[in-house]
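Heads up: the structure comes next, in structure tokens.
FYI, it's all coordinate maths here, none of it is from the lab. For clarity, every value in this text was computed on a predicted model and none was experimentally measured. Positions of Cβ are generated from backbone atoms using ideal geometry, with glycine treated the same way; all protein chains shown enter the neighbour counts.
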Amino acid sequence: MSRHLDKQLVHETYRGRLDRVEELLAKGAAINKLAADGFTPLMRAAYEGHYELVRLLLQHGADPNATAKDGASALFWACVRGHEQLAELLIAAGGDVNAMRESDYSVLNAAIDKGSLAFVEALIGKGASREHRYDGMDMRQYAEWCGRGDLFPLLRRKGRRRRRGGSDLGRDHGLSK
């Protein structure tokens, strides 16, 4: 019976059926079990953008940091799909802002691809690493590759400062007579 409940939970989560998901959880469906498609119910709800369902699953003890075999988490999928409010809910529940798939594609990469400037800034503010490299690119290069010049100031590497006013070469410095 438990396997049947678990399969129903996956199906109803996909459909966004809040009432049915609540009933299935009350009957003992496994909230953190990976389904055949590699998703937990929370990952599926995040992927589909079902905000209220994500909130319900978190209230019932869904693990925001559970991952699929490839390392993808619910927060990762929310960012990949551009569901910013849902991602903020997962972060508030303890979702790891530095989660990434085996391919080294991180939550921040997904936010650079799909997110607003404010969302990328919020992720960095919550500790998302700007030092991560994906496919040989640092985050600023990745943003450039994605056409996101608006993110350049946020993605400057820590400790690196831009010189203002250009080079000192050729300047007089008041030493000439």
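Key figures for this structure:
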{"read-out": "Bins of 10 Å from zero: percent of alpha-carbon pairs in segment 12-90", "value": "22, 59, 19, 0"}
{"read-out": "Hydrodynamic radius by Kirkwood, which averages 1/r over all alpha carbon pairs of segment 21-141, in angstrom", "value": "14.4 Å"}
{"read-out": "Segments 121-128, 146-153, 76-83, 30-37 sorted - mean Cβ within 10 Å per residue, highest first", "value": "76-83, 121-128, 30-37, 146-153"}
{"read-out": "Residue-averaged [θ]222 nm for the chain, counting only DSSP H segments that reach four residues, each worth -39500 (n - 2.57)", "value": "-13000 deg cm²/dmol"}
{"read-out": "Burial ranking of peptide ranges 2-8, 43-49, 58-64 (average Cβ count within 10 Å, highest at the top)", "value": "43-49, 58-64, 2-8"}
{"read-out": "Compactness of segment 53-112 as Cα Rg over 2.2 N^0.38 Å, two decimals", "value": "1.02"}
{"read-out": "Gap separating the Cα centres of segment 105-137 and segment 63-80, nearest whole Å", "value": "15 Å"}
